[in-house]
Each structure stands twice: as structure tokens, then as C-alpha cells.
Amino acid sequence: MSLPKHITYHIYQHYDATEFCTVTLDQNNQVHAFNDKAQSTLQLSHNEQDIRDVLPLLATETLEESFFLPFYNHKSWVFDVHFFAEKPFKYLVLVPVDKFHQQVQFKQQLAHDEELEKMRFKTLFETLEIAQQELIAANKSKSFYISALSHEMGNPLNAISGYNQLLQEGEISLEQATEIIDKNVKKLNLIITQALNYDNQNKRNNQQNFRPHQIIDDLLNDFKPQASNKSLLLKNQVSPSLTVNSSLIKWQQIFTNLISNAIKYTDQGHITVSSKTENQQLMIDVTDSGCGMSQAFQKDLFTAWAREYKSQAHGNGIGLVISKMLAEQINAQLLLHKSDDKGSVFRFIFPLETNNQFKILLVDDDEDCLNLFAYYLSKDQHHVVTATTIESLTHQL
């Protein structure tokens, strides 16, 4: 006995199922008819059998109104149960949902991975756009600054050249020429000192103090959903007390790529980020228990668009290239420390700065020597304050 069309339409509208159990009941809830799937699955042997004797779950239902029960376990099966209370018959439809939910989970996982990839590319392109804008702005600033610096340096140089010419032609005394030349040399020295300070300040503008442990902690927290889908254990073993001065944005982008790749190419096990310091260098390892890479592919690892098809994961082959470029921009190194069939270890090496800068009060009654010493001390990143008299020394103290 076939189902009414509106019930059949309802089932096919919600499920991608090719076969399901159907049982037709009379108004006394006795089994009137059933299909082959119901006979084999529910072990219905004859008609005139109360359906509640077959499915104990229905014993609590009056079977006088339509209802829906999801995820009903019956022996080794899981069903979505649909009951339609109609006249002259009632209809019970049990749809196997094991396969259906596997399909849903697969589609959800696929959509999740695609969304993460979109987010990663969005972050990547935003970073590249920011870098491009910074580069354009820096080029404009440098061009303007160089032009302005050339103009400012041109004035004292012209004066030095001009008075030197007058001295050679005998149009001015040696004392007059020396005084003016010396004054303009000091102007040049001041311009150079200001230029060095300006350039050093610009280099520091994009840097800040931060703790690598916190960056890794935040990133691992962001990647928890992706890792939990594979039951991967994420470990942060970076020293919590360590602080560095560098570009926070570039560190974030580098380790985003490394951790994302580790999760992508690891199907079971762990992702561990650890650190150690050695010879004034900070080494941070990103270790996974994934499929690893062949020796042949490792030679092309940091080449754009290079991929090795050892897993089902999809990548574009540029994340590591960009990470290596970003590492080089902050005077760091990124390399593959080791890789085999038990996993891979990527190592990030960052030089730790030693604080050898001093605040120096330089005192000399010879102004020329004073400026010369101040110039070279400033060039070595020391903060120099000068004094030429007792009064100026007292003021500085």
C-alpha cells in the first residue's frame, strides 16, 4: 500500500534518502500494511499487530495526532520518525539518518574549511594591501625627505665651496674663511645628526614590545574549532616570560600560516609550538604529527605555487613563501628544521637585541671635537647630550 502523495513529497523534500520504512495503520493502531524495508528492519511478520509492540518508543504516544521524533535508536539503526494521523489510515515513516547525517557533516566540514580559507586569504590580502600602501607612502616620504635633505645640505655646502674659492683667490682672509667654513660644517653635522635620528625613529615606528607566548596563545585559540574537527591537541610551550621588540603584525601573519598549514596537513595527533634561546637567538618551532614531506619536495618548499599531493588537504603553495619573506623583513629566518613520515618541524629564528645603548653627557670646551664625538656616539644609537661650559653642564645636570 503506497503512501499518499503529500506525505511522499514531504519526505523527499527533507531527505536525500532512497529507501525508508513505511507502515500503514488502521484507526486502532494495528498494522495494516508495510513495505519490504519495514519488514526486514522492524521484523514485521504479519498484519493485525499493534505497532506499539514493535516500537516501544511509541508506547507513550496516543497515536491520535501527528508528530516527529528525531534520532530514534532501534537496534543498529538510527531513524527520524514521522507519524501522520489521518483517516481512514495512519502512516508511520522511519527514515534512516546515519548516511544522511554523514553527508550533512561532510558538507558542513567542507563549508567550514572553505570559510577558513576565505578568512585566511582575506587576512593575507589585507596585510599585502597594507604593506603596499605603507610602501607607497614610504617611497613618497623618502623621496620628499631626500629632496628636502639635499636642499638643506646644499646651502652649507655651497657656502663652504664659495668661501673656499674666495680664499683661494685671495679675496678673503684665512681667519674669515675658516670661521665661516667651520660654522657651515657644524650646520652639516647637525643636519646629518637629525637625519640619523629621524631615520632611526621611523624604523622604530612599526615596532613594539610584545610576548610571543601571547601571540601563539591567541592564534591557537582561534584555530581550536578547526583542530577539534580532527581531534588534534594544540600545545603552547613558548616561554611566557619572553618579550621581543618587532613587528607584531608580521609575527602574527607568519605564525598564522605555519599553524594553519600544520593543522591542514595533520589528520591525527598534535600541533606543538615551543621555544628556546641560544646564542642570543630565539628559536620557535612549530611541530606537527602530519604526513611530512619527501626529500625531493623539500628543495622546492619555499618556491611559489609548489605543492606535494600527499594528503587530501588543498593549498595554494604561497603561504610559506610569504612567511619567509615576512621573516626576512624583520631580520629573522624561517626554515624547515626536519620532516619525515612522522611529521614536520618549521623553525623561526629571531635575533635577540642586546641593550648596549647608553645616555651620555659629553663635555668638552672644544666645540668641533664635541660635535664630532657626539656624531659618532649617536651613530651607535647612544643618546648624547652635550655641554661646552660650566653653566651649560650645570643646566644639563
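Quick look at the values:
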quantity: Residue within segment 161-181 that is modelled with pLDDT under 80 and open to solvent by 60 Å² or more (accessible area, probe 1.4 Å) present; calculated: no
quantity: Of the criteria (1) assigned to a helix (DSSP H, G or I); (2) open to solvent by 60 Å² or more (accessible area, probe 1.4 Å); (3) at pLDDT 80 or above, which one L110 fails; calculated: (3)
quantity: Of all residues in segment 340-381 being within 22 Å of S246 (Cβ to Cβ) and assigned to a loop (DSSP other than H, G, I, E, B), the one that is modelled with the lowest pLDDT; calculated: N355
quantity: Filter result for N221 (open to solvent by 80 Å² or more (accessible area, probe 1.4 Å), without any contact (Cβ under 8 Å) to a residue 24 or more places away in the chain and not in a loop (DSSP other than H, G, I, E, B)); calculated: yes
quantity: Residue selected from segment 12-49 under the condition modelled with pLDDT under 80 and among the hydroxyl-bearing types (S, T, Y), by the criterion nearest to the chain's Cα centre (by Cα); calculated: Y15
quantity: Selection from segment 227-246 of residues that are surrounded by fewer than 18 Cβ atoms within 10 Å (Cβ to Cβ) and either within 12 Å of the chain's Cα centre (by Cα) or in contact (Cβ under 8 Å) with a residue 60 or more places away in the chain (or both); calculated: N229, N245
quantity: Top-ranked residue in segment 257-285 [being within 18 Å of L326 (Cβ to Cβ) and in contact with a Ser or Thr (Cβ under 8 Å, 6 or more places away or on another chain); ranked as modelled with the lowest pLDDT]; calculated: N257
quantity: Selected residue (criterion: nearest to the chain's Cα centre (by Cα)) from residues of segment 50-102 that are outside any strand (DSSP E or B) and among the aromatic types (F, W, Y); calculated: F100
quantity: In segment 319-339, the residues that are among the charged types (D, E, K, R), surrounded by 14 or more Cβ atoms within 10 Å (Cβ to Cβ) and under 16 Å from S247 (Cβ atoms); calculated: K324
quantity: Residue that is assigned to a loop (DSSP other than H, G, I, E, B) and among the β-branched types (V, I, T), where the choices are T287, T266, T277, T256; calculated: T266
quantity: Among residues of segment 368-382, those that are over 14 Å from I192 (Cβ atoms) and open to solvent by less than 90 Å² (accessible area, probe 1.4 Å), counted; calculated: 5
quantity: Check on L135, at pLDDT below 80 and either assigned to a helix (DSSP H, G or I) or surrounded by fewer than 16 Cβ atoms within 10 Å (Cβ to Cβ) (or both); calculated: no
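A quick yes/no check of all residues on (1) touching an Asp or Glu at 6+ places or on another chain (Cβ under 8 Å); (2) crowded, with 16+ Cβ neighbours inside 10 Å; (3) over 15 Å from L94 (Cα atoms):
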| site | (1), (2), (3) |
| --- | --- |
| K5 | no, no, yes |
| H10 | no, no, no |
| H14 | no, no, no |
| T22 | no, yes, no |
| N35 | no, yes, no |
| S40 | no, no, no |
| Q43 | no, no, no |
| L58 | no, yes, no |
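The values are calculated or read from the model by the stated rules, or taken from the named source; none is laboratory data. These numbers come from a predicted model, not from an experiment. Cβ: placed from backbone, ideal geometry, glycine included. Neighbour counts: every protein chain shown. Quick note on the areas: whole protein, heavy atoms, side chains included, nothing else; ligands and nucleic acids left out. Shrake-Rupley method; radii C 1.70, N 1.55, O 1.52, S 1.80 Å.
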